[in-house]
Amino acid sequence: MYWTLELASYLSDAPWPAEKDELIDYAIRTGAPLEVVENLQAIEDEGDMYESIQEIWPDYPTDDDYLWNEDEY
């Protein structure tokens, strides 16, 4: 399983919180690449609810990862 920013972007508008099956269904319905569906299927499912993409891909960049001051712009 591998994630890239491009692949993860297909889940940015997903209906969070969601279960694994809901995310797979969402990815298929929105026409996400096959790699997104395969990555979701590779997740070990214990019936967990995922609150955001960070729970699926912990390395997903957040606003805190960028080093600029929003007040300056």
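A quick yes/no check of all residues on (1) within 17 Å of D13 (Cβ to Cβ); (2) of a type in the set (V, I, T); (3) open to solvent by 80 Å² or more (accessible area, probe 1.4 Å); (4) at pLDDT below 85:
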{"residue": "E35", "(1), (2), (3), (4)": "no, no, no, no"}
{"residue": "A42", "(1), (2), (3), (4)": "no, no, no, no"}
{"residue": "E46", "(1), (2), (3), (4)": "no, no, yes, yes"}
{"residue": "E51", "(1), (2), (3), (4)": "yes, no, yes, no"}
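When the stretch 53-73 is filtered for residues that are open to solvent by less than 100 Å² (accessible area, probe 1.4 Å) and either at pLDDT 90 or above or outside any loop (DSSP other than H, G, I, E, B) (or both), the ones remaining, listed by number, are I53, Q54, E55, I56, D65.
Residue by residue, here is whether (1) touching a residue at least 24 places away in the same chain (Cβ under 8 Å); (2) assigned to a helix (DSSP H, G or I) holds:
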{"position": "A8", "(1), (2)": "yes, yes"}
{"position": "E22", "(1), (2)": "no, yes"}
{"position": "G31", "(1), (2)": "no, no"}
{"position": "D45", "(1), (2)": "yes, no"}
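The values are calculated or read from the model by the stated rules, or taken from the named source; none is laboratory data. Since we're looking at a predicted model, the values are computed, not measured. Neighbour counts are summed over all protein chains in view; Cβ atoms, including those assigned to glycine, are modelled from backbone coordinates with ideal geometry. Accessible surface areas use protein heavy atoms only, side chains included; no ligands, DNA or RNA. Shrake-Rupley method; radii C 1.70, N 1.55, O 1.52, S 1.80 Å.
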